[in-house]
Amino acid sequence: MNKGLMIGALVVLGSGAYLGGVAYTGQQADSFVQQQLDVVKQQLGDQGDIAVTATEGFFESQYRIEYTLSDYPEPIFPALETNKIPMDLTVKHGFLSANSTVVLAEGELLDVLKRYLDDSDQAPFVLESTQSFNPISQTSRVNARAETARMSGNLEDGATFVVGAAQVEFNQSGRDFAATLTMDDSYITAEDGELRIEGVSGEETGVLDSDFLQDAVMAEEFNAVVRAEQIVFRDAQQQATLDSLAITVDQILDGGRVLLSVGYGAEKATLEQGDVLSVVEVPNLSMTFDFDYQAVRDLAEVTQSMQPDADDPEAAFEQMQLIVETLDRVTQEGVGIDLNDLSFEMEGEKAQAKADLNLVPFTASDLMMSPLMLLQYMELQADVSVPVAMSDKLGDEERMQLQMLVEQGFFILNDTDYTANLSVEEGKILLNGSEFPLF
């Protein structure tokens, strides 16, 4: 074959492969956009509407998306003077990849927000992402970044506010994903009070239940933490401060069960009421929930597919019935809840509570008419201890209340601690070994 002809053929084939990749990517990107819009429309039901104007092209597609919320929820949208949220989405198709940008479109909402932007030329919200598709393995890769601009201003009641700039990054490759969050200090201050949140950050890593992002129902496993360096709430009577707050959520799969752990911890919590200063050190809460994974996934899938429609009571009833039937599958596989730790310290003394709750398999729908039947399926052991030395640091009124609880049998006083034990066995509630009457 002539060398020039061969080179020409390779160029044609290469161009065809490239254009084919662009076309495939365009189809995938446009299909994904339409799929997500259909999901939003379905979930909005009669609570709002979404209108889309699309201009789909070979190398670029543009969408004008406008949400209209019918409920006009207080107090946000009245302050923004509109219940319409218009957005412009631009999708640029590359070779087996697509770059998309979402910004707030020109309109009433943008005009209102510009009054509060520190830089009126800056976009209040920008979402940029790159998606790539592998047609052979049918896996996706997504890299996304969202930013909101700093806003500040004065409200009609004289209060001033600042909403700090925020950044969110998300990366997904196949089933693996990771996300980070940072947010600058925010506050609202009035003559008789203040709410301030400083040093917000967070991160999450995990594994999806699908190689393709739009097909994922939930994460199979993940680890997430959100932190705040300080939260301050003040009104005319008191000021509460929480230092070094951390909230963690972890999920793992264990032999067909999903274990969801939730934790809360802080360095200290301070309450100032006039001349009285109360300091609680190292407040901590840790809980673990144990469910059947497949049943929970089915429940998530059913919930996501719901379409609210207040004008069709029969359809709403059928959807609720489907949720109840799916919830039955969750409870029929058994549920476990552990209070691993509930504790705090005061001047070196530590109060603590622990509990272990197991719900043996039951049908949730059977309890709707008689919730007290749940006791028949419950196995509970809970213990609480409060050091006597800690009670000495309480005020007179709090000590009197604690002594009253002892006299009523809720606590037992020994040499070093106030203790309590609560258990449920065979449908009976036992408090400190004695049956506790419900009525």
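Going by what's in this entry, would D328 be described as in a strand (DSSP E or B) and of a type outside the set (A, V, I, L, M)? Judged against the criteria, D328 is not a match. Reported count of residues in the range 370-423, each being assigned to a helix (DSSP H, G or I) and either over 38 Å from the mean Cα position of the chain (by Cα) or of a type in the set (A, V, I, L, M, F, W, C) (or both), is 17. Counting only residues that are more than 16 Å from V282 (Cα to Cα) and touching a helix residue (DSSP H, G or I) at 6+ places or on another chain (Cβ under 6 Å), the range 333-366 holds 8 of them. Looking across the range 168-215, the residues that are of a type in the set (S, T, Y) and within 21 Å of E128 (Cα to Cα) come down to S173, T180, T182, S201, T205. Restricting attention to the range 235-259, the residues that are closer than 12 Å to E220 by Cβ and of a type in the set (A, V, I, L, M) add up to 4. Name the residues in the range 96-134 that are of a type in the set (D, E) and touching an Asp or Glu at 6+ places or on another chain (Cβ under 8 Å), would you? Result: E108, single match. The one condition from (1) under 28 Å from G427 (Cβ atoms); (2) buried (at least 16 other Cβ atoms within 10 Å of the Cβ); (3) modelled with pLDDT of 90 or more; (4) of a type outside the set (A, V, I, L, M, F, W, C) that P283 does not meet is (1). The condition (being part of a strand (DSSP E or B) and within 25 Å of I231 (Cα to Cα)) is satisfied by just one residue among A178, A146, A98: A146.
Of the residues S140, S129, S201, only one is in contact with a Lys or Arg (Cβ under 6 Å, 6 or more places away or on another chain) and part of a strand (DSSP E or B); which?
Working: S140 fails: in contact with a Lys or Arg (Cβ under 6 Å, 6 or more places away or on another chain); S129 fails: in contact with a Lys or Arg (Cβ under 6 Å, 6 or more places away or on another chain).
Answer to the selection: S201.
Would you point out which residue out of V226, V217 is among the hydrophobic types (A, V, I, L, M, F, W, C) and either touching a Phe, Trp or Tyr at 6+ places or on another chain (Cβ under 7 Å) or assigned to a strand (DSSP E or B) (or both)? Selected residue: V226, the only one of V226, V217 that is among the hydrophobic types (A, V, I, L, M, F, W, C) and either touching a Phe, Trp or Tyr at 6+ places or on another chain (Cβ under 7 Å) or assigned to a strand (DSSP E or B) (or both). Taking the range 336-369 as the range and being in a helix (DSSP H, G or I) and out of contact with any Ser or Thr (no Cβ under 8 Å at 6 or more places or on another chain) as the test, the residues that pass are S365, D366, L367. Here L322 passes the criteria (1) at pLDDT 85 or above; (2) under 21 Å from the mean Cα position of the chain (by Cα); (3) part of a helix (DSSP H, G or I) except the one numbered (2).
Considering E345, E349, the condition of being touching a residue at least 60 places away in the same chain (Cβ under 8 Å) and either farther than 26 Å from E425 by Cα or crowded, with 17+ Cβ neighbours inside 10 Å (or both) is satisfied by E345 alone.
Looking across T101, T55, T90, one residue alone is touching a Phe, Trp or Tyr at 6+ places or on another chain (Cβ under 9 Å), modelled with pLDDT of 85 or more and surrounded by fewer than 16 Cβ atoms within 10 Å (Cβ to Cβ). It is T90.
Could you go through the range 401-418 and let me know if any residue there is aliphatic (A, V, I, L, M), within 19 Å of E333 (Cα to Cα), in contact with a strand residue (DSSP E or B) (Cβ under 7 Å, 6 or more places away or on another chain) and surrounded by 14 or more Cβ atoms within 10 Å (Cβ to Cβ).
First, the residues of the range 401-418 that are aliphatic (A, V, I, L, M): 402, 404-406, 412-413.
Checking which are within 19 Å of E333 (Cα to Cα) leaves us with none.
Scanning the range 401-418 turns up no residue that is aliphatic (A, V, I, L, M), within 19 Å of E333 (Cα to Cα), in contact with a strand residue (DSSP E or B) (Cβ under 7 Å, 6 or more places away or on another chain) and surrounded by 14 or more Cβ atoms within 10 Å (Cβ to Cβ).
Quick one: in the range 173-194, of everything that is surrounded by fewer than 16 Cβ atoms within 10 Å (Cβ to Cβ) and not acidic (D, E), which residue is farthest from R150 (Cα to Cα)? For the range 173-194, the residue satisfying everything is S173.
The values are calculated or read from the model by the stated rules, or taken from the named source; none is laboratory data. What you are looking at is a predicted structure, and each value in this text was computed from that prediction instead of being measured. Here Cβ is always computed from backbone atoms with ideal geometry, including for glycine, and neighbour counts include all displayed protein chains.
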